[in-house]
Amino acid sequence: MKITRLLEIVTILLNKKTVTAKELAERFNVSVRTIYRDVDDLSCSGIPVYTIQGVNGGISILDNYTMNKTMLSDTDKNNILIALQSLKSTKFPDVDIILDKLEGIFRNNASDWISMDFSPWGSNPNANNKFNDIRGAILDSRVINIEYINSQNIKSIRTIEPLHLKFKYQAWYLYSWCRKRQEYRSFRLSRIKKVEITDEIFDRFSKRISDDREDTIEAPEKKNIVSCVLRFKEEALYRIYDDYDDDMIKDNKDGTYTLTVDLPEDEWVYGYILSFGTNVEVIKPESIRKIICEKSREISKLYTDI
């Protein structure tokens, strides 16, 4: 989560002249202190980020910060290849071709020392050229028909105006205007079974592309976000540090750690909590605590004969 935030901060700074730490803190739902730590981390990594004091001050990046291959060090080249390997791990089409070209420019087999794959076994968002077809429909502003199966196993045919592809938590989503629902919706690509590109053109640039699009995942109703307090044993500490920032984790000085975080109350969060086994206890809310307790009993019943 932290590395994703750092990359987004750099992107924001490249697109804007100056942004305040408060604005970034609100955007990423972290403290201002965390943002300033991020700025320090970016500076230490060689990215020319700096802060300006005063009324019109904020965080900026040098105007002439661009990438010219003749100015790239071996470390810079490797970092570019690592970034492309990360994109490759999302099953993004054509990355292999780009990697081959860059390896020819930089040096032979420049990326043969690293491989990344964050996607689940068997995941292939470009099955039957689905990803490329959707990408082409977005760029050409063409209406498409899709056959979709949502998280409630309901199959439907949708006519949509495709707007934006986004990779979020190990999966690709298509953000669109759904004519059936007359709402902006996000469709998980792995659940799109058929794609038909029509000849109808729509005005893509008049549509809304907002920062809350990840909260519109296709579902009968909006997910209920709840404030959770989870107490972890020290054995699980490495996992929560992987996912959350230091200032969200409290050391209880007794071998346990408390995490306070907003999470969607759904089957995903129940599975996430259960994945920690006996190394976590739900303190709040009581509703999730009871559900985890009941699911633990159901799991126990499956093994009563052992």
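Observations on the model:
- The sole residue among Tyr175, Tyr169, Tyr148 that is modelled with pLDDT of 85 or more and under 30 Å from Leu42 (Cβ atoms) is Tyr175.
- Being in the same structural domain as Gly136 (by TED's automatic domain parsing), under 25 Å from the mean Cα position of the chain (by Cα) and among the hydroxyl-bearing types (Ser, Thr, Tyr) is a property that does not hold for Ser206.
- Among the residues of the range 221-230, the ones that are closer than 17 Å to Ile283 by Cβ and either surrounded by fewer than 16 Cβ atoms within 10 Å (Cβ to Cβ) or of a type in the set (Val, Ile, Thr) (or both) come to 3 in all.
- Every pair of residues 6+ apart whose Cβ atoms lie under 8 Å, when the first sits in the range 279-306 and is in contact (Cβ under 8 Å) with a residue 24 or more places away in the chain while the second is among the polar types (S, T, N, Q) and surrounded by 11 or more Cβ atoms within 10 Å (Cβ to Cβ): Ile283/Thr258
- Residue count for the range 127-164 under the criterion of being of a type in the set (A, V, I, L, M), crowded, with 18+ Cβ neighbours inside 10 Å and either in a strand (DSSP E or B) or within 20 Å of the chain's Cα centre (by Cα) (or both): the result is 6.
- Every condition in (1) part of a strand (DSSP E or B); (2) of a type in the set (S, T, N, Q); (3) touching a residue at least 60 places away in the same chain (Cβ under 8 Å) is met by Ser176 except one, and the failing one is (3).
- Looking across the range 182-208 at every residue that is among the charged types (D, E, K, R) and under 14 Å from Ile146 (Cα atoms), the one that is surrounded by the most Cβ atoms within 10 Å (Cβ to Cβ) is identified as Arg185.
- When Asp245, Asp266 are checked against the criterion of being acidic (Asp, Glu) and surrounded by 16 or more Cβ atoms within 10 Å (Cβ to Cβ), Asp245 stands alone in meeting it.
- Wholly enclosed strands (runs of 3 or more DSSP E) of the range 233-301 bearing at least 2 residues hydroxyl-bearing (Ser, Thr, Tyr), within 25 Å of the chain's Cα centre (by Cα) and not assigned by TED's automatic domain parsing to the domain that holds Asp41: 256-264
- Subset tally (residues that are out of contact with any Lys or Arg (no Cβ under 8 Å at 6 or more places or on another chain), assigned to a helix (DSSP H, G or I) and without any contact (Cβ under 8 Å) to a residue 40 or more places away in the chain) for the range 17-31: 6
- Tabulated pairs, the range 32-56, first under 16 Å from Arg5 (Cα atoms), second among the charged types (D, E, K, R) and surrounded by 14 or more Cβ atoms within 10 Å (Cβ to Cβ), C-beta under 8 angstrom, 6+ apart or interchain: Thr34/Asp245; Asp38/Lys2; Asp38/Arg5
The values are calculated or read from the model by the stated rules, or taken from the named source; none is laboratory data. Small disclaimer: the values here were computed from a predicted structure and weren't measured. Glycine also receives a Cβ, built like all others from the backbone with ideal geometry; neighbour counts cover every protein chain displayed.
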